[in-house]
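Undergrad: Here you go, one structure.
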Amino acid sequence: MIEHSDDYVQYCRETAKRARDPHDLALRGRDKHALTQRIHQQIVEAVGLCADDDLVDIGCGDGTLLRMAQQAGARSALGLLATDEEVSILRRSRLNVKQGLTDQLPLPDQCASVIVCNNVLLVVPRENIPASLREMHRIARPGARIFVGEIPFIEPSDPSPKFASRKEMLSFLYREHGVRTWFGMFRRMAYWQVTGKPAVINSGTATSFWAVPEEFIALAERAGLETIRYWRHEDPNTRNNYLLRKSGVT
């Protein structure tokens, strides 16, 4: 019997253990480097990232935005990831990264002039969203620009197929993804069999949080954040991007 889990932190940990290079941490697929680059360039333009900025990228993925900040001459650029395994991979590229979750950021008060949290809050449990927004407010300086991206505005369904048996899963993987993926899963199943551990599949695709604009803006306001504007994300177009600001004079 195969069990299915929606533990996103564990999914990130497993992904890091299997990663062949830092780009695997972007979680968009190995053929999506150009898309990752384009999305982050749009974020750079939205927040107006410049040389005087101290950037914090919550859920920094493969570190693309951190590299862009370095190229732009930003004063500092720090990335946060959910697991120590991911942090270890990016530190090999000499990037400044720490382990931390959205609702407990391991950073001092008012340390950032720009905060980015893209494609992250949708996998955070709904009950942790208010605390996550309060943490962004806490680490932001007065006047800081805050980009929160890819918040679904309709309740999505999990696109990952579910399988009742190991044979059914292996057959699907062979048909849809080829021998390499099939063999990788076969090895995992053999390990489960030998060790007696349960067969648990974590696809990392389940969405925990979604909100229509009015609800998300209200949540941000209760955390002390102003909404400058929001707009429809390109792909998928069932999500919104938000540009927020911590009120006050820098």
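Undergrad: Six or more apart or on different chains, Cβ atoms under 8 Å: show the pairs whose first residue is in segment 99-110 and in the same structural domain as His137 (by TED's automatic domain parsing) and surrounded by 11 or more Cβ atoms within 10 Å (Cβ to Cβ) and whose second is assigned to a loop (DSSP other than H, G, I, E, B) and of a type in the set (Val, Ile, Thr).
TA: That search, which allows pairs on different chains as well, returns Gln99/Thr83; Thr102/Val120; Thr102/Val124; Asp103/Val124.
Undergrad: Same structure, new question: Being surrounded by fewer than 15 Cβ atoms within 10 Å (Cβ to Cβ) and at pLDDT below 75: is that true of Lys32 here?
TA: So Lys32 passes the test.
Undergrad: Right, another one. Would you mind stating whether Asp57 is surrounded by 18 or more Cβ atoms within 10 Å (Cβ to Cβ), in the same structural domain as Leu80 (by TED's automatic domain parsing) and under 13 Å from the mean Cα position of the chain (by Cα)?
TA: yes
Undergrad: Follow-up question, since we're still on this one. Please determine whether any residue of segment 214-229 is in a loop (DSSP other than H, G, I, E, B), basic (Lys, Arg) and either modelled with pLDDT of 95 or more or more than 20 Å from the chain's Cα centre (by Cα) (or both).
TA: no
Undergrad: Next up: Taking Ala69 as the residue in question, decide whether it is among the small types (Gly, Ala, Ser), out of contact with any helix residue (DSSP H, G or I) (no Cβ under 9 Å at 6 or more places or on another chain), at pLDDT 85 or above and in a helix (DSSP H, G or I). Let's see the steps before the verdict.
TA: On the way: among the small types (Gly, Ala, Ser): yes; out of contact with any helix residue (DSSP H, G or I) (no Cβ under 9 Å at 6 or more places or on another chain): no; at pLDDT 85 or above: yes; in a helix (DSSP H, G or I): yes.
Answer is no for this residue.
The values are calculated or read from the model by the stated rules, or taken from the named source; none is laboratory data. Just so you know, these numbers come straight off a predicted model, no measurement behind them. FYI the Cβ positions are ideal-geometry reconstructions off the backbone, even for glycines, and counts take in every protein chain you see.
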